[in-house]
Amino acid sequence: MDSNAALADLEAIVGPQRVLRSRAERAVYGYDASVFRGAELLAVVLPTTAEQISRLVVWCRDRGVPYVARGTGTGISGGAIPTHGGVIIELALMNQVLEIDLANRLAVVQPGVVNQDLKRRVQEHGYAYTYVPDPGSQVVSTIGGNVATNAGGMHCLKYGITGNHILGLEMVLPDGDIVTVGGKAVDQPGADLTGLLVGSEGTLGIVTKIIVRLLQMPEAVTTHLALFKTVDDAANTVSGIISCGLLPAAMELLDKSIMQAVDKAVHVGFPAEAGAALIIELDGFSDDMARNADRVAEICKTYDVIAFETEEGIEAGQRLWLCRRAAFGAMARLDTDVYIVDGCVPRTQLPEALRRVTAIAERYDLPIVNVAHAGDGNLHPSIPFNRRRAGDIERVLEAGREILEACVELGGSITGEHGVGMEKQNEMTLMFSPIELQVMRRIKLAHDPDDLCNPKKIFPLSMLSEAVS
Amino acid sequence: MTPSPTALHSRLTALLGAENAWMDEPTTAGHAVASRRPAVVAAPCAAEQVAAVLELASREKLGVVPWGCGTQMHLGPPPAEYDVALSLKHLTRVLDYDSANLTLTAEAGVALREVYRLTLPGRQFLPLGYPGSEASLGGLLVTNTSGVKRLRYGGMRDLLLGVRVALPEGELLRYGGRVVKNVAGYDLCKLYIGSLGAFGVVTEATFRLAMLPEDERLLAVAFPTVAQGMAAATAVRSAALLPSTVALVSAAGWADALPVGLEAGQAALLVHMDGSHESVQRQLAEGEAICTSHGAVQAATLSGEELLTMWERQEVWRTSAPDPALLQVRVGVPPSNVETALGLLDEAPRFCREPVRWLADAGIGSVTARLPLDAQADDLAAQVQAWLGSIRARLDDRQGFAVVESAPETLITQLDVWGASSGASLLKRYKSRFDPQGVLNLGRCVGGL
């Protein structure tokens with residue numbers, strides 16, 4: 001392809017200032033927050049409208065050029081890596097909050113809106129509402145990214161994952177058609193297309209407009225930090241709280257390894273006998289908050305809690321949240337890189353899953369530390385390593401795969417909230433039979449028969465090479 | 001060429017055994033959709049047999065209509081092809097009830113009331129309907145039926161975690177799983193929600209359960225006008241309350257069913273509150289105060305059996321089998337436009353012989369309306385289609401839609417049941433890849449699939 005002619009075409013679609021073409025600019029868009037990197041790009045384009053994106057994808061289709069839509073690149077599964085080069089369709093300029101409709105408790109946003117910015121915008125209006133999903137990266141990650149990965153966060157136990165908060169989408173399909181699914185009115189006739197397209201990791205089209213639900217802020221919030229001797233005690237506490245009918249907004253678990261790392265980083269002063277920490281956040285009406293907090297304290301006692309602290313209100317609760325929020329920073333002190341595994345098991349299997357993680361860590365001689373969204377059974381074993389040390393990446397990925405195998409064996413999933421991307425393509429076979437994957441691929445082929453839209457992702461590479469041959 | 005009923009019956013008998021395939025008059029008549037009857041009724045005993053029946057149907061280019069408990073077969077136009085009724089009546093095993101993880105996996109033919117029976121002792125429930133519901137789990141799933149308490153507990157799309165489906169070419173597949181957070185690959189479970197079986201037969205499903213609330217009250221309040229009732233509903237929705245349902249009902253069709261008196265033209269507000277004793281008491285007090293300030297004429301608070309009865313009436317209203325003298329329409333709008341939708345519906349068209357009866361879920365933005373048809377009206381079908389067209393055009397401006405849920409057969413075959421749907425083009429693409437022969441429920445789903 002004549003690259004100058006191609007760039008001129010792209011400029012004609014999005015405007016001359018909105019095609020990045022220098023070597024450095026193209027190089028930086030070959031990365032995201034994963035361990036992977038992409039192939040050399042033709043260009044990075046910054047469209048501002050769905051119509052421009054429609055013209056871009058038609059241009060790509062007519063020339064067989066692959067393209068990848070990208071937000072802020074915080075994904076850690078390689079979902080936004082341009083594995084086959086081509087064009088990056090960067091959505092940073094599509095960052096408008098189009099509408100905040102409090103009467104219907106929803107907002108309409110463009111995909112490039114940053115999570116935190118939407119929350120701020122909603123609250124600036126003086127409204128006691130918020131957009132709930134809160135992936136760890138929310139300060140920089142975008143709503144479009146949430147939709148692509150069906151992102152989770154700390155508050156999924158009570159409030160659900162991104163898909164539960166998306167009412168409708170506008171999407172540019174790979175043939176250039178612009179479709180709307182779902183909408184401000186729920187239960188449109190036909191299948192739940194919104195639900196199907198959420199979590200499709202940018203492989204079925206490019207989302208250009210998103211209708212999100214807003215929820216009322218809770219009237220009261222109480223945060224507890226409970227320390228236990230063992231992970232089992234903490235996990236049993238989690239199950240005990242749920243079975244007595246309480247539904248906390250969050251229940252986060254830290255094991256001894258990460259507690260030690262956090263202690264070194266922010267000097268919490270955990271007692272030596274503490275083997276697990278649980279952060280429990282209750283929210284709801286003020287009327288029953290004290291009684292619910294007492295019930296939580298009682299259940300913790302049943303499982304031999306060794307220390308229990310309570311803070312009332314969101315602000316005060318941050319003190320107790322610190323040891324969880326400091327976790328990833330603390331990991332950064334352990335080595336130059338961190339590989340975060342994202343497995344999920346039925347909640348009651350969490351202790352067994354963590355036991356298996358420990359055994360795998362010993363076998364691979366890796367210093368794995370654990371944080372988990374315990375209420376959801378979503379564990380994040382994290383492996384400090386150094387990508388420049390020979391053999392490190394291979395060993396880390398191998399251990400990660402074994403952890404995911406264990407999660408699937410225990411009735412769970414290879415990814416709770418980060419997505420498959422490039423990282424877990426081959427692990428898809430742990431969850432799905434070849435025929436299940438082939439049928440799943442019918443959806444991809446119905447959208448993108450040429451496999452140009454974020455190509456060669458999600459499905460196992462063996463299957464994709466068969467498809468080519 | 002389609003085999004003769006006798007030949008088809010013998011092939012299905014060979015697959016399923018003589019005791020699970022019928023061609024007698026009472027059985028086929030009992031599986032009629034409108035006046036269309038299948039040649040054979042087949043009742044597989046396992047998912048593998050469902051797949052085998054579908055494979056046969058695909059090979060022979062037969063029309064198959066899956067049949068759960070048969071409570072919602074009136075949805076959609078009658079099937080264009082109907083050779084086999086695929087009864088799921090033997091798929092009634094609960095495969096896994098994991099109370100500690102609040103999940104339940106059951107075969108598609110399990111009735112919701114069975115789930116209640118199993119989970120109530122552990123103070124858990126599946127909030128997709130009332131405790132006595134005879135609807136099957138598979139039926140609820142493919143008709144996208146959520147419970148009236150959706151506002152608090154979520155709807156089908158929030159509660160469904162996994163499916164097992166049989167595809168027309170005989171594949172048997174599982175998607176989703178048993179955990180809430182699971183983002184491995186496309187969430188194909190969602191393709192089956194509201195699909196009316198167009199993309200495969202759901203043989204089993206996994207749901208997340210909810211804990212029963214400690215306390216539960218239902219506030220029923222009569223208002224002199226629909227507008228006042230609506231204003232109260234909006235105020236309740238906007239207050240710092242977390243009701244499970246905020247519904248408004250018309251006097252027509254409801255007056256005798258309520259604990260408060262209603263006269264023609266009036267409306268009643270029904271607010272369910274679930275939660276702890278303290279929070280329910282407080283919400284009740286605030287709810288009552290809001291209603292009083294909006295001109296309530298009478299109020300009643302229900303609990304226990306009375307509440308259950310009223311809850312059941314609300315669920316049944318939305319999902320009961322059709323009365324042949326009625327046109328039932330479901331209107332979806334953003335919640336702030338419910339009042340407009342009610343205004344459109346209350347302008348009773350000429351083909352109505354009595355006032356329109358409705359149940360409006362003001363929290364969700366969904367109105368179920370029943371229009372008593374004047375059988376004497378000239379050119380009824382043309383009148384109804386014209387009326388549908390006009391309310392659809394006006395709802396479209398309000399980001400709403402209207403679908404026909406039931407109508408007399410002579411009428412439904414002449415109506416545009418689903419209306420235009422922006423997702424129809426995608427659904428067509430999927431249909432051609434999932435059911436290229438058009439075996440399943442042909443012509444019944446959105447877009448004429």
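The values are calculated or read from the model by the stated rules, or taken from the named source; none is laboratory data. None of these values were measured; they are calculated from a predicted model. Every residue, glycine among them, receives a Cβ derived from its backbone with ideal geometry; neighbour counts consider all protein chains shown.
Structure notes:
- Within region B:98-122, the residues that satisfy the criterion of being over 17 Å from B:V202 (Cβ atoms), crowded, with 17+ Cβ neighbours inside 10 Å and more than 13 Å from every other protein chain (Cβ to nearest Cβ) are B:Y116, B:L118.
- Residue ID - surrounded by the fewest Cβ atoms within 10 Å (Cβ to Cβ), chosen from residues in region A:1-38 that are in contact with a helix residue (DSSP H, G or I) (Cβ under 7 Å, 6 or more places away or on another chain) and farther than 27 Å from A:G421 by Cα: A:M1
- Residue in region A:240-259 that is more than 24 Å from A:R356 (Cα to Cα), at pLDDT below 95 and in contact with an Asp or Glu (Cβ under 6 Å, 6 or more places away or on another chain) present: no
- Region B:286-302: number of residues that are within 16 Å of B:P243 (Cβ to Cβ) and of a type in the set (S, T, N, Q): 1
- Residue, farthest from the other protein chains (Cβ to nearest Cβ), within region B:221-236, restricted to residues that are surrounded by fewer than 20 Cβ atoms within 10 Å (Cβ to Cβ) and either small (G, A, S) or part of a strand (DSSP E or B) (or both): B:A227
- Evaluation of A:L397 against (1) surrounded by fewer than 24 Cβ atoms within 10 Å (Cβ to Cβ); (2) under 23 Å from A:Y159 (Cβ atoms) (one fails), failing number: (2)
- Pick from region B:416-438, criterion at the interface with another protein chain (Cβ under 7 Å from one of its Cβ atoms), in contact (Cβ under 8 Å) with a residue 60 or more places away in the chain and part of a helix (DSSP H, G or I), ranking: nearest to A:E170 (Cα to Cα): B:L427
- If the condition is being more than 7 Å from every other protein chain (Cβ to nearest Cβ), in contact with a Phe, Trp or Tyr (Cβ under 9 Å, 6 or more places away or on another chain) and closer than 30 Å to B:L308 by Cβ, then region B:193-213 contributes B:V202, B:A205, B:L209, B:A210, B:L212.
- Where helices (runs of 4 or more DSSP H) fall entirely within region B:113-178, those with at least 3 residues that are of a type outside the set (A, V, I, L, M) are at B:150-153.
- Residue in region A:243-250 that is of a type outside the set (A, V, I, L, M), touching a residue at least 60 places away in the same chain (Cβ under 8 Å), under 21 Å from A:P135 (Cβ atoms) and outside any strand (DSSP E or B) present: yes
- Among the residues of region B:372-420, those identified as charged (D, E, K, R) and touching a strand residue (DSSP E or B) at 6+ places or on another chain (Cβ under 6 Å) are B:R392, B:E405.
- Subset of region B:123-178 [of a type in the set (S, T, N, Q) and either closer than 27 Å to A:G152 by Cα or within 11 Å of chain A (Cβ to nearest Cβ) (or both)]: B:Q124, B:T143, B:N144, B:T145, B:S146
- Residue that is part of a helix (DSSP H, G or I), in contact with a helix residue (DSSP H, G or I) (Cβ under 6 Å, 6 or more places away or on another chain) and either crowded, with 16+ Cβ neighbours inside 10 Å or at pLDDT 95 or above (or both), where the choices are B:L359, B:L344: B:L344
- Selection of region A:411-426 for residues being at the interface with chain B (Cβ under 8 Å from one of its Cβ atoms) and among the charged types (D, E, K, R) yields A:E417, A:K424.
- Residue in region A:59-74 that is among the acidic types (D, E), assigned by TED's automatic domain parsing to the domain that holds A:R18 and either outside any loop (DSSP other than H, G, I, E, B) or closer than 30 Å to B:L160 by Cα (or both) present: yes
- Residue in region B:251-271 that is surrounded by 24 or more Cβ atoms within 10 Å (Cβ to Cβ) and either farther than 17 Å from B:G295 by Cα or touching a Pro at 6+ places or on another chain (Cβ under 6 Å) (or both) present: yes
- Within region A:262-354, strands (runs of 3 or more DSSP E) holding 3 or more residues that are under 29 Å from B:A184 (Cα atoms): A:276-284, A:337-340
- Selection count where residues are over 15 Å from B:L371 (Cβ atoms), more than 10 Å from chain A (Cβ to nearest Cβ) and in contact with a Leu (Cβ under 7 Å, 6 or more places away or on another chain), scope region B:394-410: 1
- Checking A:A446, A:A372, A:A406 one by one, the residue that is assigned to a helix (DSSP H, G or I) and touching a residue at least 24 places away in the same chain (Cβ under 8 Å) is A:A406 and no other.
- Cβ pairs under 7 Å, 6+ apart, first in region A:32-46 and outside the structural domain of A:L397 (by TED's automatic domain parsing), second in a strand (DSSP E or B) and surrounded by fewer than 21 Cβ atoms within 10 Å (Cβ to Cβ): A:R37/A:Y31; A:A43/A:L20; A:V44/A:L20
- Of all residues in region B:326-373, those satisfying the criterion of being in contact (Cβ under 8 Å) with a residue 24 or more places away in the chain, of a type in the set (D, E, K, R) and either more than 14 Å from chain A (Cβ to nearest Cβ) or closer than 22 Å to B:T410 by Cα (or both) are B:R330, B:D346, B:R350, B:E354, B:R357, B:R370.
- Among helices (runs of 4 or more DSSP H) entirely within region A:93-167, having at least 2 residues that are at pLDDT below 95 and either away from chain B (no Cβ under 14 Å) or closer than 28 Å to A:P47 by Cα (or both) singles out A:115-124.
- Scanning region A:25-52 for residues that are in a helix (DSSP H, G or I), more than 24 Å from A:D175 (Cα to Cα) and acidic (D, E) turns up just one, A:E25.
- Selected residue [within 25 Å of the chain's Cα centre (by Cα), of a type in the set (A, V, I, L, M), modelled with pLDDT under 95 and not in a loop (DSSP other than H, G, I, E, B)] from A:L464, A:L437: A:L464
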